[in-house]
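Comments concern the structure below.
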Amino acid sequence: MARYRGPKSKIARKFRDAIYGPDRTLDKKNYPPGQHGPNKRRMKQSEYAVQLQEKQKAKYTYGILERQFANIFDKASRAKGITGENLLQLCEARLDNTVFRLGFANSRRQARQLVTHRHILVNGELVNIPSYTLNPGDQISIREKSKSLEIISDALAMSNASKFPWVALEKEERKGTFLHMPERDQIPENIKEQLIVELYSK
């Protein structure tokens, strides 16, 4: 399956949640997309459907494919602690997500592009794998030749990295540090991770 590159508003409306950021279309049409609009009679969802939708929501939010997500869940289930929290922590520790959290990009899609186009260094070494898992203390920086890129400067001008206590940004130096794995209550994403755990436990 290819990575989703279609209309973001359509996915946000499907989940009734602005998973890609502020969305004027969702504000106007806060109901799932479809031919009959808000007047369509919608059947009550089964327990399985609710759990599956939550997993899909998490995948779209972090831009992760099915097999990758299953591998992350497997790793989370084998780690110490609560599986659901471990799952979200591992998603947050991905390089593309951290580039987004630091404010080097305005979206996870944009952050993924910066990584794959070889603009990002981890501990001084070039890393072009968006799914690369960071460890506490890892330093993320912009490659010297890329520091003047307009896309990065514009994103940093609106950066709100201070909202995320598990990362520290040094804006002028174009670098930041992944301090530690975030606590569940620090992660702002509206994801019911326990439903995902229940789905995989069947």
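Read-outs: derived from the displayed coordinates by stated rules, not from any lab. What you see is a predicted model; the values in this text were computed from it and never measured. FYI the Cβ positions are ideal-geometry reconstructions off the backbone, even for glycines, and counts take in every protein chain you see.
In plain terms, the chain from SER46 to ARG109 could stretch by 19.5 nm, reckoned as 0.36 nm per residue minus the Cα-Cα distance.
From the cross-link list LYS55/LYS192; LYS59/LYS192; LYS147/LYS171; LYS80/LYS175; LYS57/LYS175; LYS145/LYS171, which pairs have alpha carbons spaced over 20 Å apart? Don't jump to the answer; show the numbers that get you there.
On the way: LYS55/LYS192 9 Å; LYS59/LYS192 13 Å; LYS147/LYS171 11 Å; LYS80/LYS175 31 Å; LYS57/LYS175 30 Å; LYS145/LYS171 16 Å.
From the list (LYS55/LYS192; LYS59/LYS192; LYS147/LYS171; LYS80/LYS175; LYS57/LYS175; LYS145/LYS171), the Cα-Cα distance tops 20 Å for LYS80/LYS175; LYS57/LYS175.
Projected over all directions and averaged, the alpha-carbon convex hull of the range 94-180 occupies 4.6 nm².
If you place +1 on the Cβ of every Lys and Arg and -1 on the Cβ of every Asp and Glu, how big does the dipole about the Cα centre of the range 94-180 come out, in debye to the nearest 20?
Details: 13 positive and 9 negative charges, 52 e Å.
Charge dipole, the range 94-180, about its Cα centre: 240 debye, nearest 20.
Here the simple spin-label model places points 7 Å from the Cα toward Cβ, and for MET158 and ASN190 these points are separated by 2.0 nm.
Given R₀ = 30 Å, what would the calculated FRET efficiency be for GLU173 paired with ASN135, taking r from the Cβ atoms and rounding to 0.05? If you can, show how the numbers build up before the last one.
Working: r = 21 Å, r/R0 = 0.69.
E(calc), rounded to 0.05, equals 0.90.
Under 16 Å Cα-Cα from LYS202, which aspartates and glutamates qualify once same-chain neighbours fewer than 8 residues away are excluded? Hits, sequence-local ones excluded: GLU47, GLU54, ASP74, GLU193. Amide H contacts for VAL167 (H built 1.01 Å from N in the peptide plane; partners 5 or more residues away or on another chain; cut-off under 5 Å): LEU179. In whole Å, how far is the Cα centre of the range 133-198 from that of the range 91-120? Comparing the Cα centres of the range 133-198 and the range 91-120, I get a distance of 8 Å. Between ARG143 and ILE120, LEU121, the built amide H atoms are under 5 Å apart, and every one of these is 5 or more places off in sequence or on another chain.
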